[in-house]
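Engineer: Once you've had a glance at the structure underneath, I'll fire off some questions.
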Amino acid sequence: MRKAIFLFTLFSGYFFFAQNIAADIYKYVDEMGVTHLTNTPTSSRFKVLIRTDTVPYRERKYDYIINELCAKYNVQPAIIKAIIKTESDFDPYAVSRKGARGLMQLMPQKASDLSVEDSFDPRQNLDGGIRHVCYLLKKYKGNVKLALAAYNAGETAVEKNNGVPPFVETRNYIRKVLRFRNRYR
């Protein structure tokens, strides 16, 4: 109980004095029961304890990188932001249940194929992810739905089904990304 009161007091003070600072707080409990808190997680063991940034800031934080890379690879920033919102909610340290990592949720093998050495590095993750989306858009002749289906379910699933696979997850993913794309236009 005292520990909870201490943590509440600590974080209350943090928010009072650091209202304009955006720094998520991450936590993990090690094998010995020791709680580790940080604003810069060093592994996927850390999970978000407190999100201090606001949604608008969080969604604008990487705009300069997104805009630069989208111009470089000729991809609309709105579709990339929509993918990021859907995949990781703009959390560069996100790890899915299947092991996808970072802002654009690159699987380790795909990250390796894209020469992404650190999936938690926003610039590397975005560069690899945007290059991959660019490739998919070219492969499917600008058909955004097919490119999104391939991003979510894999190119093999799109080829095998001659279009968007009948997977509920993939169809919901496409709808969600397209809804967010309209928001970011």
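Engineer: Tell me which of these residue 120 doesn't satisfy, since it passes every other one: (1) touching a residue at least 24 places away in the same chain (Cβ under 8 Å); (2) touching a helix residue (DSSP H, G or I) at 6+ places or on another chain (Cβ under 8 Å); (3) among the hydrophobic types (A, V, I, L, M, F, W, C).
Structural biologist: Result: residue 120 fails condition (2) only.
Engineer: Taking residue 69 as meeting all but one of (1) within 15 Å of the chain's Cα centre (by Cα); (2) assigned to a helix (DSSP H, G or I); (3) crowded, with 18+ Cβ neighbours inside 10 Å, write down the number of the exception.
Structural biologist: Failed condition: (1).
Engineer: For region 38-56, give me the residue count where each residue is closer than 27 Å to residue 181 by Cβ, modelled with pLDDT of 80 or more and not in a strand (DSSP E or B).
Structural biologist: 0
Engineer: Determine if region 86-109 includes at least one residue that is over 9 Å from the mean Cα position of the chain (by Cα), in contact (Cβ under 8 Å) with a residue 12 or more places away in the chain and part of a helix (DSSP H, G or I).
Structural biologist: No, there is no match, as no residue in region 86-109 is over 9 Å from the mean Cα position of the chain (by Cα), in contact (Cβ under 8 Å) with a residue 12 or more places away in the chain and part of a helix (DSSP H, G or I).
Engineer: Which condition from (1) touching a Cys at 6+ places or on another chain (Cβ under 7 Å); (2) assigned to a helix (DSSP H, G or I) is the one that residue 136 breaks?
Structural biologist: Here residue 136 clears every test but (1).
Engineer: Hey, another quick one. Hey, can you tell me all the residues within region 102-139 that are closer than 28 Å to residue 40 by Cα and of a type in the set (Ser, Thr, Tyr)?
Structural biologist: 112, 115, 119
Engineer: Scan region 140-154 and give yes if some residue there is within 27 Å of residue 44 (Cβ to Cβ) and touching a residue at least 60 places away in the same chain (Cβ under 8 Å), otherwise no.
Structural biologist: Taking every residue of region 140-154 in turn, at least one turns out to be within 27 Å of residue 44 (Cβ to Cβ) and touching a residue at least 60 places away in the same chain (Cβ under 8 Å).
The values are calculated or read from the model by the stated rules, or taken from the named source; none is laboratory data. Note that the coordinates shown come from a computational prediction; the quantities given were computed from them, not determined experimentally. Every residue, glycine as well, gets a Cβ built from its backbone with ideal geometry; the counts of neighbours run over all protein chains shown.
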